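What follows is one structure encoded as structure tokens, with my remarks underneath.
No lab work stands behind these numbers, since they all come straight from the coordinates. Keep in mind it's a predicted model, so treat the numbers as computed, not measured. Every residue, glycine as well, gets a Cβ built from its backbone with ideal geometry; the counts of neighbours run over all protein chains shown.
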Amino acid sequence: MNSTDTPADRTRHLCVMNAGSSSLKFGVYLPDDGLKLWRSGAVEGIGGAARLRVMSEDGRETHAGQHTVPDHGAALRLLEGLEDGPMTRGNLMAFGHRVVHGGAAHDAPVRIDEASLGRIEALSALAPLHNPPAVAVIRELMRLFPETPQVACFDTAFHRSHPAVADRFAIPDALYREGVRRYGFHGLSYEFIAGALGEVAPEIALGRVVVAHLGSGASMCALAGGRSVDSSMGFTALDGLPMGTRSGSLDAGVILWLQQQKHWSVDRVEHFLYQDCGLKGLSGVSNDMRTLLASPEPLAHLAVEYFVYHVARMAGALAASMGGIDGFVFTAGIGERSAEIRARVLRRLGWIGFSLDETANQNGGPKLTRPDSRLPAYVIPTDEELVIARHTQALVQPPETGGLV
Ligand code: ADP
């Protein structure tokens, strides 16, 4: 096969969808080619003048442009209408979706039917900013491609193995049973890392590993024997580490104070916590780590140091959750691309047994520590879409049947 084949020339392909509040990212995979990525891209700026980009497997841009895209349904119709685009009819085998919140009941992906979609829709109350776009995309695909199976993969599912002490807040049991729990997020990313450790870092794959997913959303996970036992994120993706625009852990008294003393409405507090805090709020300069690292502003320096400090502090907490630590992994935008942040975190963790290999770190690893370091640290690029593609293939094409079900 060569790169000019269209999906319809191939036996089958499956499409992974990642719906954000104002974006729709996608990837088209070829299951008969070992789940090779064939097309990827995004519609960004949904709700107004949106940018469309489609890339081929060798990084060429195959489509680009500005379009008026009022909602996620319109974004799908735009993709469907593209000639040689990601959703060419023919041998479309399945759609796999990233759904941020799967609630307490979902510890694995599910094949979508009306009943399971109803359960996912009900979870929108727990994740009002995150689940509705995924539900809208699933509904529109049911309309456009009624015969094509769809699978939902949840960011919370990988964390359902947490013990009760990590799964609860110190609040009455009745609220826990109503769903006020520490769900944890970025689970698809941690699942990818848990699977990749066997190849990249086999000496720690079955040990106690702290994984830092440091992107514009940031969290950390305690992986013991490849299973999640604790996470920095809790009920929502606001908890834990400081992020691009989210505060991370915040004394609940601050929120009471904003409401009582400044008379901020619920909507204003919500917007503040999701959009105006974190690196952006603290620095007053930017939510982007690259900008902050290059900035001469004292508050930009403080924001970077605050981020590093809290990643290192969380590493200590998660090591304590596991009764020790055998290794550390960096992943996602900042973790994968910023040698400076990795170096500063590992220097802070020197006391625990990490000795940084400066050259290896500058060269992007994967191993970041010296041969004589008591503990190893790695950088491993994450691939949440591939995890979704694998689950989708497994659910629509169980290996024992070898065919679609
Ligand atoms: P998302 O959570 O949106 O998927 P990513 O994982 O793509 O985010 O990470 C985006 C973040 O990565 C940006 O905020 C940016 O600050 C940071 N980033 C990307 N490249 C670099 C770099 N070379 N140095 C420092 N930070 C970087």
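Listed values, structure above:
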{"quantity": "Separation of alpha-carbon centers, the range 364-387 and the range 216-236, rounded to whole Å", "calculated": "17 Å"}
{"quantity": "By average C-beta atoms within 10 angstrom, highest first, the peptides 214-227, 41-54", "calculated": "214-227, 41-54"}
{"quantity": "Computed E for ASN363/LEU256 - FRET, C-beta separation, R0 45 angstrom, nearest 0.05", "calculated": "0.40"}
{"quantity": "Distance from the range 237-253 to the range 94-146 (C-alpha centre basis), Å", "calculated": "26 Å"}
{"quantity": "Full-stretch length increase - GLU203, ARG227 - with 0.36 nm per residue and alpha-carbon distance subtracted", "calculated": "7.0 nm"}
{"quantity": "Cα→Cβ-extended label distance, 7 Å offset, between ALA170 and ARG139, nm", "calculated": "4.2 nm"}
{"quantity": "Diffusion coefficient, µm² s⁻¹, Stokes-Einstein with Kirkwood Rh over alpha-carbon pairs of the chain at 10 °C and 1.306 mPa s", "calculated": "71 µm²/s"}
{"quantity": "Contact order normalised by residue count of the chain, Cα under 8 Å, 6+ apart, percent", "calculated": "13 percent"}
{"quantity": "Theoretical ellipticity at 222 nm over the chain - DSSP helices of four or more residues, -39500 (n - 2.57) apiece, nearest 500", "calculated": "-10500 deg cm²/dmol"}
{"quantity": "Cα-based shape type of the range 206-348, given that a ≥ b ≥ c are square roots of the gyration tensor eigenvalues and the cut on a/c is 1.5", "calculated": "oblate"}
{"quantity": "Packing-based ranking, highest mean first, of 149-155, 123-129 given that Cβ atoms within 10 Å are counted", "calculated": "149-155, 123-129"}
{"quantity": "Cα gyration tensor, the range 112-204 - rounded (a/c under 1.5), prolate or oblate", "calculated": "oblate"}
{"quantity": "Average Cα contact separation per residue, the range 254-405, under 8 Å, 6 or more apart, as relative contact order %", "calculated": "13 percent"}
{"quantity": "Anisotropy class of the range 297-336 from Cα gyration tensor, a/c 1.5 cut", "calculated": "oblate"}
{"quantity": "Filtered GluC sites (Glu not before Pro), the range 79-162: DSSP coil and at most 10 other beta carbons within 10 Å", "calculated": "GLU83, GLU147"}
{"quantity": "Added length on full extension, which subtracts the Cα-Cα distance from 0.36 nm per residue, GLU147 to ALA64", "calculated": "27.0 nm"}
{"quantity": "Cα pair distances in the range 154-269, grouped into 10 Å bins until the bin that holds the longest one, percent each", "calculated": "14, 37, 32, 13, 4, 1"}
{"quantity": "The range 267-350: relative contact order in percent, alpha carbon pairs under 8 Å with at least 6 residues between", "calculated": "20 percent"}
{"quantity": "Order of LEU14, LEU35 - criterion: other Cβ atoms within 10 Å of each residue's Cβ, fewest first", "calculated": "LEU35, LEU14"}
{"quantity": "Electrostatic dipole magnitude of the chain [Cβ: Lys, Arg +1; Asp, Glu -1; Cα centre; debye, to 20]", "calculated": "700 debye"}
{"quantity": "At R0 = 30 Å, FRET efficiency that the Cβ-Cβ distance of PHE272 and LEU299 yields, to 0.05", "calculated": "0.95"}
